[in-house]
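One structure is given below, encoded as C-alpha cells.
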Amino acid sequence: MIAVVYAHPYPMHSRACRVLLGAIESLPGVSVRSLYDRYPDFDIDAAAEQAALAEARLVVWMHPLYWYTAPALMKLWFEQVLVKGWAYGEDGDALAGKDCLWVTTTGGDEIAFSPEGRHGHRIDAFAPVVEQTARFCGMNWLEPFVVHGAHIISDAALHEAAERLRQRVQQWSEGQKALEPQMNTDEHR
Ligand SMILES: Cc1cc2nc3c(=O)[nH]c(=O)nc-3n(C[C@H](O)[C@H](O)[C@H](O)COP(=O)(O)O)c2cc1C
C-alpha cells in the first residue's frame, strides 16, 4: 500500500537517508524499492516498477539531494516508468489520486538554503520540478519532508527527524483506515 522508491547511489555509505528509511521500512504495508541495489547497471524493469506503483496508495520518493534534484537513476526512473499512456496522456491514469511524499536530505544546512546562503534559495525553490512531476501524473502532493545538514546534524536530531517521518507515515496509514469504510460504501452504491 506504501511504495517507497529509494534512490541512494551508495546505500551502504548513507548516514541520513539510511536512518530515515530505517524508521519507515518495517511499518505495515511498506514496500521499499532500492533502485541502486536493484538496477546497478541502470537497466530498469519498468513493468515491475509500474506493477509496484499500481498496488500503492502512497508513493514515497526518497533520495539525497544531488545537484538540487534527484540522483541520476531516479531521473531515469521518472523517464522510463512514468510514461505516456500509463502515467499521463490518454488513458494514462495509473497514478491518478495516489498520494506522493518527497523525502530528501541535503548536505547544506538551513542557513545555506536561504537567499543569503551558499545555495541561494530555500529548499522550496528546488521542489517544483519534483512536485510537478507528481502533479502531472495526477498525484496528490503532500508536504515534503526534508532533512538539512545531513553530515552535521547530530545523531539525536537525525533520529528525532526519523521519528517525525515515521509518525507522518503512520498517521497517513491511520487516515486511510478511517477512509476505508467510506470507500467500501461508495463501491456498493
Ligand atoms: C554528486 C553530489 C551532488 C550533491 N548535490 C547537493 C546539492 O545540490 N545540495 C546539497 O545541499 N547537497 C548536495 N550534496 C550532498 C548530499 O545531498 C548529501 O551528501 C546527502 O544528503 C547525505 O545523505 P546520506 O547520508 O544519506 O548520504 C551532493 C552530494 C553529491 C555526492
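The values are calculated or read from the model by the stated rules, or taken from the named source; none is laboratory data. Computed from a prediction, not measured in an experiment: that's the story for all the values here. A quick note on method: Cβ atoms are made from the backbone with ideal geometry, for glycine too, and the neighbour counts reach across all protein chains shown.
Okay, here's what the table says:
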item: So Val169, is it in contact with a helix residue (DSSP H, G or I) (Cβ under 6 Å, 6 or more places away or on another chain), not charged (D, E, K, R) and not in a helix (DSSP H, G or I); result: no
item: Qualifying positions in segment 109-151 - exposed (fewer than 13 other Cβ atoms within 10 Å of the Cβ), among the β-branched types (Val, Ile, Thr) and touching a residue at least 40 places away in the same chain (Cβ under 8 Å); result: Val129
item: Residues located in segment 14-38, provided they are basic (Lys, Arg), without any contact (Cβ under 8 Å) to a residue 12 or more places away in the chain and more than 14 Å from the ligand (Cβ to nearest atom); result: Arg38
item: Failed condition for Trp67, given (1) among the aromatic types (Phe, Trp, Tyr); (2) within 12 Å of the ligand (Cβ to nearest atom); (3) touching a residue at least 12 places away in the same chain (Cβ under 8 Å); (4) within 19 Å of Pro144 (Cα to Cα); result: (3)
item: Residues located in segment 1-13, provided they are in contact (Cβ under 8 Å) with a residue 24 or more places away in the chain and either within 15 Å of the ligand (Cβ to nearest atom) or under 23 Å from Phe42 (Cβ atoms) (or both); result: Ala3, Val4, Val5, Tyr6, Ala7, His8, Pro9, Tyr10, Pro11
item: Residue check, Met62 within 14 Å of the ligand (Cβ to nearest atom) and either over 17 Å from the mean Cα position of the chain (by Cα) or in a helix (DSSP H, G or I) (or both); result: no
item: Residue among Asp93, Asp109, Asp99 that is more than 27 Å from Asp41 (Cα to Cα), modelled with pLDDT of 95 or more, touching a strand residue (DSSP E or B) at 6+ places or on another chain (Cβ under 6 Å) and of a type outside the set (A, V, I, L, M); result: Asp99
item: Criterion: more than 17 Å from Pro64 (Cβ to Cβ), out of contact with any strand residue (DSSP E or B) (no Cβ under 8 Å at 6 or more places or on another chain) and among the small types (Gly, Ala, Ser) - qualifying residue of Ala47, Ala23; result: Ala47
